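The values are calculated or read from the model by the stated rules, or taken from the named source; none is laboratory data. Values in this document were obtained by computation on a predicted structure and should not be read as measured data. Backbone-built Cβ (ideal geometry, glycine too); neighbour counts: all protein chains shown.
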Amino acid sequence: MSQKRARPSSRGESRAIGSSLGRSRVAFCAATFLFFASLYVFVPILPVYAESIVDNLALVGVIIASYALPQLLFRIPMGVYFDASTKRKPIVVFSMLMCVGGAVGLAFAHSGGTLFLGRAMTGVGAAGWVAFTTFFTGYYPQSGSARALGTINAVGQAAIVVATGLGGLLADAGGYRTVFLVAAGLAALGVLALAFAHEPAMAVRERSSGDLARVATAPLLVASGVMAVLLQFATFSGTFGFIPSYGASIGASNSQLGVITMVTLAASAAAAVASVRVAERVGYPAALSLGAALLGGTLLLVPYTTTPEMLTLVQLVSGLGRGTLTTLLMALSIRAAPAGARATAMGVYQAVYAIGMLAGPLVSGMVADSLDFDAVFRLSAVLALAIVVVAQHPVVRRA
């Protein structure tokens, strides 16, 4: 009799655990949605806003690049700390709070220096994406980590779609400051959502001083990092860099700039969901090459667009390429890492790709100032297409 009673109790306990896990996943996805919404609601208007204050394209590039510098500096330490710690949620909460502070700083910026500091604070917040991704994969077995990354990336991309579409409308209705204050409010709501997400049950192991070097020099991680630098250069010189300025130059309003970015990122969200399944069928090299061809090819087409509608269509296809590359490279970066070092691998990967985020707007700002927008998009296209070459490396073929 006692054995018979134990079974329903065990089944009930399993259901309770499953229900709690499900609630945590949903709450964390909600927090991730708000995190990305707070970071990207002002992206469509940031270059134009910065240009209205500093009136210098090279300095606009520096301000945009200030977002990447903290990510380059802090992502590896965050990943190492995350793997070694039993309390990971505070890292995520801290990231959200930095988003709040950075958005408020941007709202009240009055010079290039204050713009730089505000954008850098949001970059510190964005560095926490290392913790977000690894925290969420902790809710799944290691065999399901690629699908988990596809899910959390899709949530982030969906947030960016909504936020960028809303950003232009907010700017038209209430001015630039309103957009940044809304960003701060979204991040604050994200902190509240995290209260309902429990720490995933992950084993923490002892770490030797050589682990970071071994993880960082894994061939698959190195190849993923090289491709990610090229991707982020193209993204932050194009989609999140000078595409809005180019759109404004051909007559796009703030609302239209928001729609252009929204369409790009909606396509990225769709690709994030589908790309892992595609790669599992055709292989990572083929899927990565397709994504690079779409991104590079559309960057070459940008200078030939003469209306906001044409630019929107080109950017839709560009978004499919970007979403494919973003998700597959992230999945590859932790594919060979042991379970106890996934955050370290992710931290290394995201710190490395921050080089592209930093170099993209810096180099492109100087190119745009000395040459023109066309040269920026041609340079970005060449680097995006170079991903095709790296994707054929044997270490990627064996993944």
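What helices (runs of 4 or more DSSP H) lie completely within region 13-109 and have 1 or more residues being within 24 Å of F132 (Cα to Cα) and basic (K, R)?
Details: elements: 46-54, 57-65, 69-84, 89-107.
Where helices (runs of 4 or more DSSP H) fall fully within region 13-109 and carry at least 1 residues being within 24 Å of F132 (Cα to Cα) and basic (K, R), they are 69-84, 89-107.
Among the conditions (1) modelled with pLDDT of 85 or more; (2) hydrophobic (A, V, I, L, M, F, W, C); (3) surrounded by 19 or more Cβ atoms within 10 Å (Cβ to Cβ), the only one that V215 does not satisfy is (1).
Filtered by the rule that a residue be over 21 Å from G297 (Cβ atoms), of a type outside the set (A, V, I, L, M, F, W, C) and in a helix (DSSP H, G or I), region 247-256 gives S249, N254, S255, Q256.
Among the conditions (1) surrounded by fewer than 23 Cβ atoms within 10 Å (Cβ to Cβ); (2) at pLDDT below 90; (3) of a type in the set (K, R); (4) assigned to a helix (DSSP H, G or I), the only one that R342 does not satisfy is (1). Filtered by the rule that a residue be touching a Cys at 6+ places or on another chain (Cβ under 9 Å) and not in a helix (DSSP H, G or I), region 110-132 gives a lone residue, G128. The set of residues from region 357-382 being crowded, with 24+ Cβ neighbours inside 10 Å and at pLDDT 85 or above comprises V376, F377, S380. Out of all the residues in region 153-171, is one or more over 22 Å from the mean Cα position of the chain (by Cα), assigned to a helix (DSSP H, G or I), at pLDDT 80 or above and surrounded by 22 or more Cβ atoms within 10 Å (Cβ to Cβ)? The answer is yes, given that some residue of region 153-171 is over 22 Å from the mean Cα position of the chain (by Cα), assigned to a helix (DSSP H, G or I), at pLDDT 80 or above and surrounded by 22 or more Cβ atoms within 10 Å (Cβ to Cβ).
Could you identify the single residue in F108, F135 that is of a type in the set (F, W, Y), touching a residue at least 40 places away in the same chain (Cβ under 8 Å) and either in contact with a helix residue (DSSP H, G or I) (Cβ under 6 Å, 6 or more places away or on another chain) or more than 30 Å from S245 (Cβ to Cβ) (or both)?
Details: F108 fails: either in contact with a helix residue (DSSP H, G or I) (Cβ under 6 Å, 6 or more places away or on another chain) or more than 30 Å from S245 (Cβ to Cβ) (or both).
F135 is the lone residue from the list that is of a type in the set (F, W, Y), touching a residue at least 40 places away in the same chain (Cβ under 8 Å) and either in contact with a helix residue (DSSP H, G or I) (Cβ under 6 Å, 6 or more places away or on another chain) or more than 30 Å from S245 (Cβ to Cβ) (or both).
All conditions in (1) more than 30 Å from A391 (Cα to Cα); (2) of a type in the set (D, E, K, R); (3) part of a helix (DSSP H, G or I) hold for R214, with the sole exception of (1).
Yes/no per residue for (1) in a helix (DSSP H, G or I); (2) of a type in the set (A, V, I, L, M, F, W, C); (3) within 24 Å of V60 (Cβ to Cβ):
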position	(1), (2), (3)
F240	yes, yes, yes
S245	yes, no, yes
G258	yes, no, yes
L265	yes, yes, yes
S275	yes, no, no
A292	yes, yes, no
L301	yes, yes, yes
L320	yes, yes, no
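Quick one: would you say A228 is more than 22 Å from V41 (Cβ to Cβ), modelled with pLDDT of 85 or more and out of contact with any Lys or Arg (no Cβ under 6 Å at 6 or more places or on another chain)?
Working: more than 22 Å from V41 (Cβ to Cβ): yes; modelled with pLDDT of 85 or more: yes; out of contact with any Lys or Arg (no Cβ under 6 Å at 6 or more places or on another chain): yes.
Against the criterion (more than 22 Å from V41 (Cβ to Cβ), modelled with pLDDT of 85 or more and out of contact with any Lys or Arg (no Cβ under 6 Å at 6 or more places or on another chain)), A228 qualifies.
Among the residues making up region 173-205, those that are at pLDDT below 85 and either of a type outside the set (K, R) or within 22 Å of the chain's Cα centre (by Cα) (or both) are E199, P200, A201, M202, A203, V204. All conditions but one from (1) within 29 Å of V48 (Cα to Cα); (2) crowded, with 21+ Cβ neighbours inside 10 Å apply to L288; the one that does not is (1).
Going residue by residue through region 365-384, is there one that turns out to be in contact (Cβ under 8 Å) with a residue 12 or more places away in the chain and within 29 Å of R214 (Cα to Cα)?
Narrowing region 365-384 to residues in contact (Cβ under 8 Å) with a residue 12 or more places away in the chain: 365-369, 373-374, 376-384.
In the following step, the residues that additionally are within 29 Å of R214 (Cα to Cα) were identified as 383-384.
So far as region 365-384 goes, yes, one or more of its residues are in contact (Cβ under 8 Å) with a residue 12 or more places away in the chain and within 29 Å of R214 (Cα to Cα).
Among the residues of region 117-152, those identified as at pLDDT below 85, within 17 Å of F33 (Cβ to Cβ) and surrounded by fewer than 24 Cβ atoms within 10 Å (Cβ to Cβ) are A148, G150.
Go through region 42-65 residue by residue and tally those that are modelled with pLDDT of 80 or more, of a type in the set (G, A, S) and either in contact with an Asp or Glu (Cβ under 7 Å, 6 or more places away or on another chain) or surrounded by fewer than 21 Cβ atoms within 10 Å (Cβ to Cβ) (or both). Can you show your working first?
Narrowing region 42-65 to residues modelled with pLDDT of 80 or more: 42-43, 45-54, 59-60, 62-63.
Keeping just the survivors that are of a type in the set (G, A, S) gives 50, 52.
Now narrow it down to the ones that are either in contact with an Asp or Glu (Cβ under 7 Å, 6 or more places away or on another chain) or surrounded by fewer than 21 Cβ atoms within 10 Å (Cβ to Cβ) (or both): 52.
Total meeting the criteria: 1.
Restricting attention to region 385-399, the residues that are part of a helix (DSSP H, G or I), closer than 11 Å to M227 by Cβ and in contact (Cβ under 8 Å) with a residue 24 or more places away in the chain total 6.
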